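Taking it in order: structure first as structure tokens, then the write-up.
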Amino acid sequence: MRLYRLTTATLFQWKSWVISLVVVGIFPFILPQVSYATENPALYKPAIAQTTWAMALLSAIFWGFFTAAKLGENNAKSGVGEYFLTTGISSTRQLVEMWLSLVTFLAPLPLISAAICIFAASPSQADERGMWIATNLQYSLLFFLAIAPLAALAMSVASRFGAISGFVTSAGMAIYGLYGVGYLKLLANLEGNALLKWIWAASPHYHFADPTERLRYKLGAVAWDKFPLLIAYFGGILLVHIALSRLIFRVRTTA
């Protein structure tokens, strides 16, 4: 795990993770203070919950994917990837070790978000509090399953086409899966276009991993008999991204 240790040390030295930590850990308490939530105390806790997960998504997309892309590009251009290849560490293992290193910094984001929502924004009623905790724990796992494969894809695309391409690819897919598919479905229903409906069905539905609406309206946790279906869905996307990432990834600047 030499490359894992090297990548982890590099990420720690870059210190950009501090910004992400501040955004997720502090902004949820600051932003509601400058919003309409201060006018109605009943809205303050929901505002914290909504802001917390929004900040986690923004951090994962902008910090996580950009960092992944930068790692992938540096590994190919600096000669580090080729060096480790000569020491017997295959391309696949290099991708896995760099991805695991990044995941070490990404995994705390949903955990911090869930902790803030549970300890700072839980409903006062006991039955609602229990459902609130379950919802946040469920979406911590879904959040990770949705974001982690996209980080590997950003890393792989960047190793071949550059950091900007890697970042834009994963960030674009995430934003489309979170928000774009909703507009696509609306357009498909309005026009009755079968092609658009097929594209919508084949699209990655990352909005299933966004708990904002469920927390805002206190819809409760996903039924436990249906939750494995969501796990399987994102697991399938994970397998697709693993195959694509390995196919695209390279450790040299030239073929």
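The values are calculated or read from the model by the stated rules, or taken from the named source; none is laboratory data. This one's a predicted model, so the numbers in the text were calculated from it and none came from an experiment. Here Cβ is always computed from backbone atoms with ideal geometry, including for glycine, and neighbour counts include all displayed protein chains. When the accessible area is computed, the model is the full protein with side chains, heavy atoms only, and any ligands, DNA or RNA have been set aside. Shrake-Rupley method; radii C 1.70, N 1.55, O 1.52, S 1.80 Å.
Figures for the structure shown
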item	result
Number of the condition not met by SER165 [criteria: (1) in contact with a Phe, Trp or Tyr (Cβ under 9 Å, 6 or more places away or on another chain); (2) under 30 Å from ARG93 (Cβ atoms); (3) assigned to a helix (DSSP H, G or I)]	(1)
Test for ALA60: is it buried (at least 20 other Cβ atoms within 10 Å of the Cβ), within 22 Å of ALA243 (Cα to Cα) and modelled with pLDDT of 90 or more	yes
Filter result (under 14 Å from ASN74 (Cα atoms) and without any contact (Cβ under 8 Å) to a residue 60 or more places away in the chain) within region 236-255	THR254
Some residue of region 188-201 being open to solvent by 80 Å² or more (accessible area, probe 1.4 Å), part of a helix (DSSP H, G or I) and touching a residue at least 40 places away in the same chain (Cβ under 8 Å)	no
ALA223 vs. criteria within 30 Å of ALA42 (Cβ to Cβ) and either over 16 Å from the mean Cα position of the chain (by Cα) or open to solvent by 80 Å² or more (accessible area, probe 1.4 Å) (or both)	yes
Which listed residue is more than 28 Å from ILE48 (Cβ to Cβ) and either touching a residue at least 24 places away in the same chain (Cβ under 8 Å) or basic (Lys, Arg) (or both), from ALA146, ALA114, ALA152	ALA152
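So that you can scan it fast, the table gives a plain yes or no per residue for (1) of a type in the set (Phe, Trp, Tyr); (2) modelled with pLDDT under 90; (3) open to solvent by less than 60 Å² (accessible area, probe 1.4 Å); (4) in a helix (DSSP H, G or I):
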{"residue": "VAL22", "(1), (2), (3), (4)": "no, no, yes, yes"}
{"residue": "PRO32", "(1), (2), (3), (4)": "no, yes, yes, yes"}
{"residue": "THR52", "(1), (2), (3), (4)": "no, no, yes, yes"}
{"residue": "MET55", "(1), (2), (3), (4)": "no, no, yes, yes"}
{"residue": "LEU71", "(1), (2), (3), (4)": "no, no, yes, yes"}
{"residue": "ASN75", "(1), (2), (3), (4)": "no, no, yes, yes"}
{"residue": "GLY88", "(1), (2), (3), (4)": "no, yes, no, no"}
{"residue": "ASP127", "(1), (2), (3), (4)": "no, yes, no, yes"}
